[in-house]
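The values are calculated or read from the model by the stated rules, or taken from the named source; none is laboratory data. Not measured: the values here are computed from a predicted model. Every residue, glycine as well, gets a Cβ built from its backbone with ideal geometry; the counts of neighbours run over all protein chains shown. Ligands, DNA and RNA are excluded from the accessible area calculation, which covers all protein heavy atoms including side chains. Shrake-Rupley method; radii C 1.70, N 1.55, O 1.52, S 1.80 Å.
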Amino acid sequence: MSQEIKKYWKNYIDGQWVDAANGERIIVENPATAQPLAEVARATEADVDLAVAAARRCFNSRELYNMRPTNRGALMFEIARHMTEMADEIALAECLDNGKSLNGGKNEALAAARYFTYYGGLADKLEGRMIPLGADYVDYTIPTPFGVSAQIVPWNFPLQIAARSVACALATANTVVLKSPELSPLSTYFIAEACERAGVPKGAVNILCGYGHDCGASLVSHDDVDHIVFTGSLKTGQFILRAAAERVLPCVMELGGKSAGIVFEDADIDQAVNSTAAGIFSNAGQVCSAQSRLIVPKKMESEILERLAAKAATLKVGPGIDNNDITPVISAAQADKIHGMCGAATQAGAEAVCGGGKADMEGHFIQPTIFGSVKSDMTIAQEEVFGPVLAVLTYEDQEEAIQIANGTDYGLCAGLYTKDLATAHWAADQLIAGQVFVNEWFAGGIETPFGGMKRSGYGREKGQEALLNYVQTKNVGIHITGGGGGRPGG
Ligand code: NAD
């Protein structure tokens with residue numbers, strides 16, 4: 001397979017591939033080499049205006065809304081087919097601009113395609129209700145699209161995250177303006193390419209890249225946007241929520257996490273260790289739902305740390321193009337941040353049983369790192385690292401384990417390892433998290449609702465629940481004989 005990719009990528013607005021209004025570009029780097037890879041058109045406010053206007057025109061035309069939903073679904077199946085056909089090309093772009101392994105990039109492409117088939121299949125199954133009001137009335141609800149959905153995507157899984165939100169929007173007849181992440185934008189353009197090839201109405205899906213502080217901020221504060229879907233950090237989420245409050249816009253907020261797995265005494269330790277390694281080292285730990293904390297019985301701490309370190313020692317650090325286990329983190333700034341957090345953890349009294357910071361190689365590589373002797377109030381146990389860094393904490397009794405697991409501002413995911421169903425059921429009930437994994441981190445899939453509690457956000461993506469975030473309920477009450485003289489409040 002050729003390892004060459006296009007050197008310049010344009011934005012997709014109103015069904016056209018266009019340069020930025022001011023002609024500027026953003027240079028995208030390959031994190032495995034720290035060398036420039038490609039350029040993308042840099043959208044700013046003027047481009048956002050064009051994209052929102054296109055999305056508005058398309059929404060107002062009612063082309064998507066008036067379409068029979070099964071045909072809208074069929075259109076989405078076509079998008080999926082084109083994404084699948086381009087999977088190898090997408091994998092390479094994702095590997096080179098994001099750092100992901102080539103296999104991981106291919107998974108991204110196929111998962112993105114699956115979002116379009118999954119939600120395409122649901123397009124004709126979102127139904128309203130008939131509400132009985134007696135013989136003289138017919139009353140029903142209509143799940144109604146919001147209009148123009150502004151979507152902002154982070155760099156860690158740009159394609160899957162974009163696909164899940166665009167697919168929900170199309171299934172429900174909203175139109176979209178999506179801002180891709182400036183650090184890793186390339187794979188999202190393939191959604192536009194697939195939409196174009198599938199014959200999606202122009203203006204229905206617009207994809208542009210720009211920086212958060214100008215392009216992103218212009219999009220979320222645009223007067224003609226009706227709905228916001230944001231996936232990213234808590235800090236940016238809070239900024240966007242303030243902008244949304246001005247116009248009382250509905251938002252889906254998918255924010256960060258500091259998710260913990262609890263090992264109970266009866267757990268299969270090999271299973272817990274393997275699952276934990278997948279939970280924290282996949283995608284170099286740059287996963288919002290990463291298992292970044294492990295909570296173990298005090299008396300099993302040294303055995304578990306030893307086994308985890310042995311597992312980490314088998315992982316190969318290196319470029320994604322060779323399908324290494326620990327691929328680079330996205331940027332020099334991210335590597336510096338992670339390295340700094342590791343140093344601060346050591347200073348605070350945590351002990352690295354393996355790794356501890358940057359790997360000594362070209363590109364932005366971090367060694368797989370495991371900290372023992374971590375206390376719950378340490379920064380390494382409270383704040384998202386977003387790198388291949390695990391904090392291991394201990395507990396004396398099960399209530400304390402739950403308390404530690406619930407003891408951060410976040411509530412995205414949680415997990416537990418036990419052979420006892422009663423313990424699993426009790427702990428799953430106690431854990432404050434949008435998704436609980438039992439005996440396998442990341443158990444679940446496109447079909448399972450995903451989203452946070454507490455400061456991990458609100459709203460759900462994935463699964464059937466997600467569609468409900470893309471519609472508002474309209475109730476229609478009809479007095480069949482036109483009786484008149486109703487009364488407020490029923
Ligand atoms: P980020 O918040 O820095 O950036 C996310 C996106 O927001 C980018 O496209 C960026 O350009 C844009 N942005 C930045 N400032 C903005 C502003 N003022 N207005 C509008 N847009 C702005 O996050 P990141 O560093 O790209 O991603 C990592 C974070 O995302 C982590 O906290 C991670 O947990 C979270 N995340 C959450 C989920 C989830 O589904 N819950 C999934 C992936 C990542």
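Being within 16 Å of the ligand (Cβ to nearest atom), of a type in the set (Gly, Ala, Ser), open to solvent by less than 70 Å² (accessible area, probe 1.4 Å) and more than 21 Å from residue 34 (Cβ to Cβ): is that true of residue 289 here? Talk me through it step by step, then tell me what you get.
Working: within 16 Å of the ligand (Cβ to nearest atom): yes; of a type in the set (Gly, Ala, Ser): yes; open to solvent by less than 70 Å² (accessible area, probe 1.4 Å): yes; more than 21 Å from residue 34 (Cβ to Cβ): yes.
Taking the combined requirement at face value, the residue satisfies it.
Looking for something within 30 Å of residue 480 (Cα to Cα) and of a type outside the set (Gly, Ala, Ser) - is there at least one such residue anywhere in segment 103-124?
yes
Could you tell me whether residue 126 is open to solvent by 10 Å² or more (accessible area, probe 1.4 Å), in contact with an Asp or Glu (Cβ under 9 Å, 6 or more places away or on another chain) and away from the ligand (no atom under 16 Å from the Cβ)?
No: the conditions fail for residue 126.
So, in segment 337-365, how many residues would count as being farther than 20 Å from residue 257 by Cα and either among the aliphatic types (A, V, I, L, M) or within 16 Å of the ligand (Cβ to nearest atom) (or both)?
So in segment 337-365, the residues farther than 20 Å from residue 257 by Cα come out as 343, 346-365.
Add one more test, that the residue is either among the aliphatic types (A, V, I, L, M) or within 16 Å of the ligand (Cβ to nearest atom) (or both), and what stays is 348, 350, 352-353, 359, 361, 364.
Total meeting the criteria: 7.
Kindly indicate whether any position in segment 261-275 is touching a residue at least 12 places away in the same chain (Cβ under 8 Å) and under 22 Å from residue 409 (Cβ atoms).
Initial filter on segment 261-275 (touching a residue at least 12 places away in the same chain (Cβ under 8 Å)): 261-275.
The next check asks that each one be under 22 Å from residue 409 (Cβ atoms); those that pass are 261-262.
Yes, segment 261-275 contains at least one residue that is touching a residue at least 12 places away in the same chain (Cβ under 8 Å) and under 22 Å from residue 409 (Cβ atoms).
Could you please give the count of residues in segment 327-352 that are under 20 Å from residue 35 (Cβ atoms) and either of a type outside the set (Val, Ile, Thr) or touching a strand residue (DSSP E or B) at 6+ places or on another chain (Cβ under 7 Å) (or both)?
8
Among the residues of segment 250-281, write down those that are farther than 18 Å from residue 394 by Cβ and within 13 Å of the ligand (Cβ to nearest atom).
Correct list: 251, 252, 253, 254, 255, 256, 257.
Return the total of residues in segment 446-458 being part of a loop (DSSP other than H, G, I, E, B) and within 14 Å of the chain's Cα centre (by Cα).
6
Which condition number in (1) open to solvent by less than 40 Å² (accessible area, probe 1.4 Å); (2) within 22 Å of the chain's Cα centre (by Cα) is the one that residue 341 fails?
(2)
Quick check: is even one residue across segment 175-192 away from the ligand (no atom under 12 Å from the Cβ), surrounded by fewer than 24 Cβ atoms within 10 Å (Cβ to Cβ) and farther than 26 Å from residue 96 by Cα?
Scanning segment 175-192, I find no residue that is away from the ligand (no atom under 12 Å from the Cβ), surrounded by fewer than 24 Cβ atoms within 10 Å (Cβ to Cβ) and farther than 26 Å from residue 96 by Cα, so the answer is no.
Going by the conditions given, is residue 166 within 16 Å of the ligand (Cβ to nearest atom), of a type outside the set (Gly, Ala, Ser), under 14 Å from the mean Cα position of the chain (by Cα) and within 17 Å of residue 63 (Cα to Cα)?
Here the answer is yes, as residue 166 does meet what is asked.
Looking at segment 68-86, is at least one residue at pLDDT 95 or above and at positive phi?
no
Yes/no matrix, rows are residues, columns are (1) in contact with a strand residue (DSSP E or B) (Cβ under 6 Å, 6 or more places away or on another chain); (2) within 16 Å of the ligand (Cβ to nearest atom); (3) open to solvent by less than 40 Å² (accessible area, probe 1.4 Å):
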site	(1), (2), (3)
389	yes, yes, yes
398	no, no, no
453	yes, yes, no
478	yes, no, no
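Out of all the residues in segment 439-451, which are over 26 Å from residue 253 (Cβ atoms) and either crowded, with 17+ Cβ neighbours inside 10 Å or not charged (D, E, K, R) (or both)?
439 - this is the single residue of segment 439-451 that is over 26 Å from residue 253 (Cβ atoms) and either crowded, with 17+ Cβ neighbours inside 10 Å or not charged (D, E, K, R) (or both).
Could you grab me the full set of residues in segment 459-476 that are in contact (Cβ under 8 Å) with a residue 40 or more places away in the chain, within 16 Å of the ligand (Cβ to nearest atom) and either assigned to a strand (DSSP E or B) or open to solvent by 70 Å² or more (accessible area, probe 1.4 Å) (or both)?
Correct list: 461 only.
For segment 63-79, does any single residue satisfy the condition of being under 30 Å from residue 325 (Cβ atoms) and of a type in the set (Val, Ile, Thr)?
Within segment 63-79, not a single residue is under 30 Å from residue 325 (Cβ atoms) and of a type in the set (Val, Ile, Thr).
Where residues in segment 207-216 are within 9 Å of the ligand (Cβ to nearest atom) and open to solvent by less than 20 Å² (accessible area, probe 1.4 Å), which of them is nearest to residue 191 (Cα to Cα)? Even if it seems obvious, please write down each step before you answer.
Taking segment 207-216 as the starting set, the residues that turn out to be within 9 Å of the ligand (Cβ to nearest atom) are 209-216.
Those still in the list that are open to solvent by less than 20 Å² (accessible area, probe 1.4 Å) too: 209-210, 215-216.
Numbers: 209: 13, 210: 17, 215: 19, 216: 19 Å.
Once the filter is applied, the top-ranked residue is 209.
Inside segment 217-236, can you point out the residues that are out of contact with any Pro (no Cβ under 7 Å at 6 or more places or on another chain), of a type in the set (Gly, Ala, Ser) and within 7 Å of the ligand (Cβ to nearest atom)?
Result: 217, 233.
Of these, 201, 185, which one is of a type outside the set (Gly, Ala, Ser), touching a residue at least 24 places away in the same chain (Cβ under 8 Å) and over 22 Å from residue 330 (Cα atoms)?
Every option except 201 fails the conditions.
Answer yes or no: is there a residue in segment 146-162 that is touching a residue at least 60 places away in the same chain (Cβ under 8 Å), away from the ligand (no atom under 16 Å from the Cβ) and part of a loop (DSSP other than H, G, I, E, B).
Looking only at segment 146-162, we keep the residues that are touching a residue at least 60 places away in the same chain (Cβ under 8 Å), and these are 146-159, 161.
With the extra rule that they be away from the ligand (no atom under 16 Å from the Cβ), the set shrinks to 146-147.
If we keep only those that are part of a loop (DSSP other than H, G, I, E, B) too, we end up with 146-147.
Yes, segment 146-162 has at least one match.
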